[in-house]
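Q: Structure incoming, see below.
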Amino acid sequence: MKLKLISFLILSFIGISSLANATTVPVTNIDAADAIGTLTGTITDKADGKPIIGATITIPDLRKGAVTDANGKYTFNNIPKGIYLVQVSYLGYSTVNQRVDFTKTTVFNVVMQTSSVEAGEVIITGVSKATEIKRSPVPMLAVGKAYLEQRAASGNIIDQIASLPGVSAVTTGPNVSKPFIHGLGYNRVITLMDGIRQEGQQWGDEHGIEVDQNSVDRVEVIKGPASLTYGSDAIGGVVNLISPSPVPEGKILGSVQGIYGTNQDLLNGSFRLQGNQNGLVWGTVVSAKEGKDYKNEHDGRVYGTNYKEKDARVMVGLNKSWGTSYLHASLFDDEQSIPDGSRDSVTRKFTQQITEDDAYRPIVPNSVLNSYTIPTLHQHVQLYRIYNNSNFRLGDGNLIVNLGYQYSHRREYTHPEYGDIAGLNLHLTTYTYDVKYNFNIGNEYETTFGVNGQYQNNTIGDATDFPIPAYHQFDIGPFFVVKKSYGKLDLSLGARYDTRSFNNSAAYVDTIGGPHGFPQLYTGSNPTTTANVINQFEAFSKRFSGYSGSFGATYNISDAFLIKGNISRGFRAPSIAEISANGPDPGSQIYHVGDKSFKPEFSLQEDLGAFLTLPNISASVEAFNNNLSNYIYQQQELHDDGSPVITQGYNTFTYVQSKARIYGGEVNVDLHPIPWLHFENALSLTYGENKGNGGPVADSLKHLPFIPPLHTHTELRGTFNGGFGSFKSLYAFVGFDHYSAQDRFFAAYGTETYTAGYNLLSAGFGGNIVNKAGEPVLKIFVEGTNLANVNYQSNMSRLKYFDNAVTAPGVQRGIFNMGRNISFKVVVPFGFNTGKKS
């Protein structure tokens, strides 16, 4: 593995070094048609003609950004010839998005108009070139740095976006969240970091997304089948986490950030530093956070939910006339307690396992509940990641090359008397590749041809539990996408063919041959005749393949109103757990059983939406209908008397397949009765139906697991961008979230239970303190969640099912969600010029 890593680093370094040397070629050696240029301009206010100071101008495809000076002027150097989208934005003004032909244009002036409506979001995920969301027929949404900064109370990056329309999360406490989109998650939603697939045993329940929330400045979400550009596992959608963009040329900018949360006594600190000189860009983010067990009025402090996390990332790259190339490296290191929900039968206080035979469990003392110390039973998740994003000018188009290396090491320590012996020990190495060429055919047919995929190697190290085998996996998928605009009509068409090959290794386990009599992998001869040795996994090879495609249209009836529709066919090959699992996962308290006869999933989803944008109101209605064949899900096994089947001390869950349908939609209405006041309203509704495999479906089986209930969000927000004196960009809000009861749940075999409805109240405020030049010297954010301290259980929380095997009649089983939490966030920005710009 080390040799492969070193080889990848050397290749990446050689690539960047050669590109850096290429910049020394005199301009006179470049054809006039390809010559680099400069783009300048002035940004002014339409009302009074005065320059707008601090407006942001970005060219997303070139990863270039600039900020207007005291005269409202900006400058870009080393601009390649071609047509690119330019975005101009400033708080309190309508965002301007316009495609500019740099072959003909060197001066681009913009007159901006004040507006109360936020509009004009641009997305880069799943498209050939940067595109306005409203012009894409595929359902998408995006949030930027300002949105994320104001969600200070969220414990991780997925929680920060989990209340967006159509998005939710399955959680195991405040630091473990997995994204769900329209009722689909796990291996049906791909999480990307700067376009690179996140790979870390995402079939598992008890660990979250291995990304530092402090290193993410923007999140883009594709809602629905995105297999077209990302392959298998994107059948439910894509979450793209985007790191900070390069700072303007000639600048070094940074910040120091601190967060404190009252519920867990959360401490979260982060340091950021970025620079850009003559097209050499670099940046780093270093973070650390820790939290105690969270608390609520019903349970007190919930034992087994504290955590410690350390993160670091570094980026170095070039932004030149030939294009861009960025090399990233990051480390994620998380220690997370493992809750099991066990209680004293009389007091209902949490107990802890202290012996291997688990014959006696003492009550957890308050000193432990109020400690940052990670207990003996915990998991340790590490992810090392190196990747390169490159965008080269090639002929009349752009060649995009994204290469990634990841090493995921996940351990669960589940032996209280032998804390150094891992119950679970998985090593996953992943190489990802994504190559595509964007160009225009004929009369502005925006076209992309590409191929992407991955190679994986999973090994199972020294451990005592083995839920999945060692395996090799290779994915490959060529695809194409064509877009064309006919005046007010935008069309998009694409197709893809995917192939996934599995090769699982046989494994034998000596059930008593390990240290202290624990099971261990058997490596001797004649395993079939050796005492106490069992065949845990058989050797198994299989190949899955399938087509996917998409066709959509957006029609701009007017500048204020548009409609869009899309139909997509998605493909997903079964995950390693779904076809090969045969063992316990201690952290999830489940014994998993897979089925190697599974077929791949296919989906057919229709999306339809209408969008209205007026000076004082914006509104949208979106609906979707998704039919899936060979849908895979887990169900609990029961004995004839209704008691759960226990295997090696864990409840047994098997994977099964059937037909399914998921449908619903979202409604959004944002009113601005006066310019500074926002009255935001959103409704999300998702239904999941198990259609079976022919014949009638029992009532207990007719609903799918982990389907979120009806959710409405109402928020009254005041924004005062001009502020008062030294206080600028002020805001304050009050929010109300209603979650209906979930009575449409997968009841069969006791897999899920009814969840009561609940209401949550939130509020927050913040702003900037600026110096005489108008630059922020201090940013303050305060957010309170569950301010009424409501005792509630979310149907998307796995802790809802963590309890003793038997409880007294009338006892509300399971663990409740977090109670009142108030978070305080302070950011101290700093920066200086490095000298004359290139």
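The values are calculated or read from the model by the stated rules, or taken from the named source; none is laboratory data. Please read these numbers as outputs of a predicted model, since none were measured by experiment. With ideal geometry, Cβ positions are generated from the backbone for all residues, glycine too; neighbour counts draw on all protein chains shown.
Q: Every residue in the range 412-427 that is part of a strand (DSSP E or B) and either of a type in the set (Val, Ile, Thr) or surrounded by 22 or more Cβ atoms within 10 Å (Cβ to Cβ) (or both), please.
A: Across the range 412-427, the qualifying residues are Glu412, Tyr413, Leu424, Leu426.
Q: Taking only the range 800-812 into account, find how many residues are aromatic (Phe, Trp, Tyr) and in a loop (DSSP other than H, G, I, E, B).
A: Going through the range 800-812 one residue at a time, the tally reaches 1.
Q: Within the range 661-699, track down each residue that is surrounded by 15 or more Cβ atoms within 10 Å (Cβ to Cβ) and small (Gly, Ala, Ser).
A: Gly664, Gly665, Ala682, Ser684, Gly688
Q: While we're here: Applying the selection to the range 813-830, what residues are surrounded by fewer than 16 Cβ atoms within 10 Å (Cβ to Cβ) and part of a strand (DSSP E or B)?
A: Scanning the range 813-830 gives Val828, Phe830.
Q: Kindly indicate which of Ile512, Ile476 is out of contact with any strand residue (DSSP E or B) (no Cβ under 6 Å at 6 or more places or on another chain), among the aliphatic types (A, V, I, L, M) and either on the phi > 0 side of the Ramachandran plot or assigned by TED's automatic domain parsing to the domain that holds Ile579 (or both).
A: Ile512
Q: Follow-up question, since we're still on this one. Pick out the one residue from Gly231, Gly269 that is small (Gly, Ala, Ser) and without any contact (Cβ under 8 Å) to a residue 40 or more places away in the chain.
A: None of the others qualify; the one that does is Gly269.
Q: Return the residues of the range 177-233 that are among the charged types (D, E, K, R) and within 25 Å of Arg496 (Cα to Cα); say none if nothing qualifies. It would help to see each step written out before you state the result.
A: The first filter runs over the range 177-233 and keeps only residues among the charged types (D, E, K, R), leaving 178, 188, 194, 197, 199, 205-206, 210, 212, 217-218, 220, 223, 233.
Of everything in the range 177-233, those that are among the charged types (D, E, K, R) and within 25 Å of Arg496 (Cα to Cα) turn out to be Arg188, Asp194, Arg197, Glu199, Glu220, Lys223, Asp233.
Q: Something else about it: For the range 370-391, what are the residues that are surrounded by fewer than 20 Cβ atoms within 10 Å (Cβ to Cβ), hydrophobic (A, V, I, L, M, F, W, C) and out of contact with any Phe, Trp or Tyr (no Cβ under 6 Å at 6 or more places or on another chain)?
A: Within the range 370-391, just Ile374 meets the criteria.
Q: While we're on this one: Check the range 358-381 and report whether any residue there is more than 28 Å from the chain's Cα centre (by Cα), hydrophobic (A, V, I, L, M, F, W, C) and more than 21 Å from Lys308 (Cβ to Cβ).
A: The answer is yes, given that some residue of the range 358-381 is more than 28 Å from the chain's Cα centre (by Cα), hydrophobic (A, V, I, L, M, F, W, C) and more than 21 Å from Lys308 (Cβ to Cβ).
Q: Mind checking which strands (runs of 3 or more DSSP E) fall wholly inside the range 542-631 and carry at least 2 residues that are surrounded by 21 or more Cβ atoms within 10 Å (Cβ to Cβ) and in contact with a His (Cβ under 8 Å, 6 or more places away or on another chain)?
A: Strands (runs of 3 or more DSSP E) meeting the threshold: 582-585.
Q: Related question: Against the conditions (1) in contact (Cβ under 8 Å) with a residue 12 or more places away in the chain; (2) farther than 30 Å from Ile83 by Cα; (3) not acidic (Asp, Glu), where does Ser325 fall short? Just the number, please.
A: Only one criterion in (1) in contact (Cβ under 8 Å) with a residue 12 or more places away in the chain; (2) farther than 30 Å from Ile83 by Cα; (3) not acidic (Asp, Glu) is unmet by Ser325, namely (2).
Q: Next up: List the number of the failed condition for Pro673; all other conditions in (1) more than 26 Å from the chain's Cα centre (by Cα); (2) assigned to a strand (DSSP E or B) hold.
A: It is condition (2) that Pro673 fails.
Q: Now, a different point. May I ask you to verify whether Leu426 is in contact (Cβ under 8 Å) with a residue 60 or more places away in the chain, touching a Lys or Arg at 6+ places or on another chain (Cβ under 7 Å) and among the aliphatic types (A, V, I, L, M)?
A: Yes: the conditions hold for Leu426.
Q: Restricting the range 94-140 to residues that are touching a Lys or Arg at 6+ places or on another chain (Cβ under 7 Å) and surrounded by fewer than 20 Cβ atoms within 10 Å (Cβ to Cβ), which is modelled with the lowest pLDDT?
A: Ranking the qualifying residues of the range 94-140, first place goes to Thr103.
Q: A follow-up question, please. How about the range 627-662: which of its residues are closer than 23 Å to Lys599 by Cβ and not polar (S, T, N, Q)?
A: Leu628, Tyr631, Ile632, Tyr633, Glu637, Phe653, Tyr655, Val656, Lys659, Ala660, Arg661, Ile662
Q: For the range 567-607, how many residues are under 19 Å from Gly453 (Cβ atoms) and either outside the structural domain of Asp475 (by TED's automatic domain parsing) or not charged (D, E, K, R) (or both)?
A: Qualifying residue count for the region: 9.
Q: Keeping to the range 776-806, report how many residues are of a type in the set (Val, Ile, Thr) and at pLDDT 95 or above.
A: Looking only at that region, the number is 4.
Q: Can you say whether Val645 is without any contact (Cβ under 8 Å) to a residue 24 or more places away in the chain, within 30 Å of Asn504 (Cα to Cα) and assigned by TED's automatic domain parsing to the domain that holds Gly694, as far as the supplied structure shows?
A: Considered against the rule, which asks whether it is without any contact (Cβ under 8 Å) to a residue 24 or more places away in the chain, within 30 Å of Asn504 (Cα to Cα) and assigned by TED's automatic domain parsing to the domain that holds Gly694, Val645 comes out as yes.
Q: Can you pull out the residues in the range 77-87 that are closer than 21 Å to Gly144 by Cβ and touching a Ser or Thr at 6+ places or on another chain (Cβ under 7 Å)?
A: Answer for the range 77-87, where residues must be closer than 21 Å to Gly144 by Cβ and touching a Ser or Thr at 6+ places or on another chain (Cβ under 7 Å): just Gln87.
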